[in-house]
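Colleague: My structure is below; once you've seen it, I'll send some questions.
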Amino acid sequence: MTFKQIAELIGDKTWLRTLAYRVIHLTTLREWYIRRTLKTLLHGKKIFSFLDAGTGLGQHAVYVAKRFPHADVLGVEADAALIKSNMRYAVKSNIDNLVFKQADLSALTASQQFDVILCASVLEHIAEDEKILHSFQTALHKNGYLVIYVPVSEQRVLRCLGRKINKMAQASSTGLPHGHVRYYSVNELTGKLTNAGFKIMNIIIACGFFGRLSYDIVTSVQYSRLFKVIFPFYLLLVHPFVLLLMWIDYRSTNINGNGLLVIAQK
């Protein structure tokens, strides 16, 4: 399910969106890597500015705003419906240091600079990705940090899911699934960041074999026509094993994987 579909499913029920955030974190390995990185970067900080670029459902912006109540947090997204939904949740939840706005990521300016920018699973959907990286460079304070998470490949462990992904790719105008316009290699992304004026601080390969297997199991359930019926039983009976697979990947140093997290500094 896309973030927009999730937002439409849960509506304006605050408790249901809070539950959705927890389920996303519980079932998505990418979220573990991103949250660990944010905890490390923001440790010991109280007053800072944070931009969640391409915020989607807003879970990362909400996490930072709640954990750091003195921070100034902004979530930017192109989808107006998501922005309205996210903002209603922030207001109802009394999160006073969080704002969501509709904006073009390529048009960020130096008028409001940030200490940390997070861009998770966004660049692979944008043709002019280098323009976005230069925009981030402009919008960061000196010595500010940029955290980027992108897919590297679509390797699957379960062959049945691999065939489904291939069909999705063939039906796509880009020849790639999920609305992607590219996959990244480590050299490609770090090269583009360097060209945009960033200094690479850390590179983390995510979703190796165990991570891919955990993702395949979760995704197979999500693609099921009976998703709403079987998902609660999946969480109770199968997901404990999936959590173990995720934990192994999370604690491992992967040589290759489907995900790439890069921390860069201005």
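Colleague: Quickly work out the residue 24-to-residue 238 label distance, labels modelled 7 Å from Cα along the C-beta direction, and quote it in nm with one decimal.
Modeller: 2.2
Colleague: Hey, another quick one. Please rank 125, 43, fewest neighbouring Cβ atoms within 10 Å first, as an exposure proxy.
Modeller: On the way: 125 17, 43 7.
Final ranking by Cβ density, sparse to dense: 43, 125.
Colleague: Another question, if that's okay. Between residue 220 and residue 256, what is the label-point separation in nm under the 7 Å Cα-to-beta-carbon projection?
Modeller: 2.2
Colleague: Pick out which of 110, 90, 139 has the largest mean-square fluctuation in a Gaussian network model of the chain, springs linking Cα atoms closer than 10 Å.
Modeller: 110
Colleague: If you filter segment 39-137 for GluC sites (Glu not before Pro), then keep DSSP loop positions with at most 14 other Cβ within 10 Å, what is left?
Modeller: Those satisfying the criteria are 128.
Colleague: Could you work out which residue, out of 219, 40, 194, moves most in a Gaussian network model of the chain, that is, has the largest mean-square fluctuation with Cα springs under 10 Å?
Modeller: 40
Colleague: Let me spell out the model: positive unit charges on the Cβ of Lys and Arg, negative unit charges on the Cβ of Asp and Glu, origin at the Cα centre of the chain. What dipole size does that give, in debye rounded to 20?
Modeller: Its charge dipole is roughly 640 debye.
Colleague: Which links in 45/92; 84/192; 45/199; 13/228; 101/131; 66/101 stretch past 23 Å when you go from one Cα to the other? Present the calculation step by step, with values, prior to reporting the outcome.
Modeller: Working: 45/92 26 Å; 84/192 33 Å; 45/199 21 Å; 13/228 18 Å; 101/131 20 Å; 66/101 18 Å.
45/92; 84/192, as the Cα separations exceed 23 Å there.
Colleague: Also, quick follow-up: Under the rule of -39500 (n - 2.57) per DSSP H run of 4 or more residues, summed and divided by the residues of the chain, what mean residue ellipticity at 222 nm is obtained, to the nearest 500 deg cm²/dmol?
Modeller: Dividing the helical sum by the residues of the chain leaves -15000 deg cm²/dmol.
Colleague: Using a Gaussian network model of the chain with C-alpha springs under 10 Å, which one of 115, 79, 249 is most mobile by mean-square fluctuation?
Modeller: 79
Colleague: Report the relative contact order of the chain, percent, no decimals, based on alpha-carbon pairs under 8 angstrom and at least 6 residues apart.
Modeller: 19
Colleague: What is segment 171-266's relative contact order, in percent, from Cα pairs under 8 angstrom and six or more apart in sequence?
Modeller: Computed value for segment 171-266: 47 percent relative contact order.
Colleague: Express the Stokes-Einstein translational diffusion coefficient of the chain in µm² s⁻¹, to the nearest whole number, given a Kirkwood radius over alpha-carbon pairs, 20 °C and a viscosity of 1.002 mPa s.
Modeller: Values: Rh = 19.2 Å.
The calculation lands on 112 µm²/s.
Colleague: While we're looking at this one, here's another question. Quick one: order 26, 226, 123 by neighbouring beta-carbon count within 10 Å, fewest to most.
Modeller: Ordered from fewest to most neighbouring Cβ atoms within 10 Å, 26, 226, 123 come out as 226, 26, 123.
Colleague: Once both labels are modelled 7 Å past Cα along the beta-carbon direction, what's the residue 13-residue 194 spacing in nm?
Modeller: 5.1
Colleague: How high is the FRET efficiency from residue 171 to residue 47, r the C-beta distance, R0 41 Å, rounded to 0.05?
Modeller: It comes to 0.30.
Readers should treat all values here as calculations from the given coordinates under stated rules, not as data from a laboratory. No experiment lies behind these values; they were computed from the predicted model shown. Cβ sites come from the backbone with ideal geometry, for glycine too, and all protein chains shown count toward neighbours.
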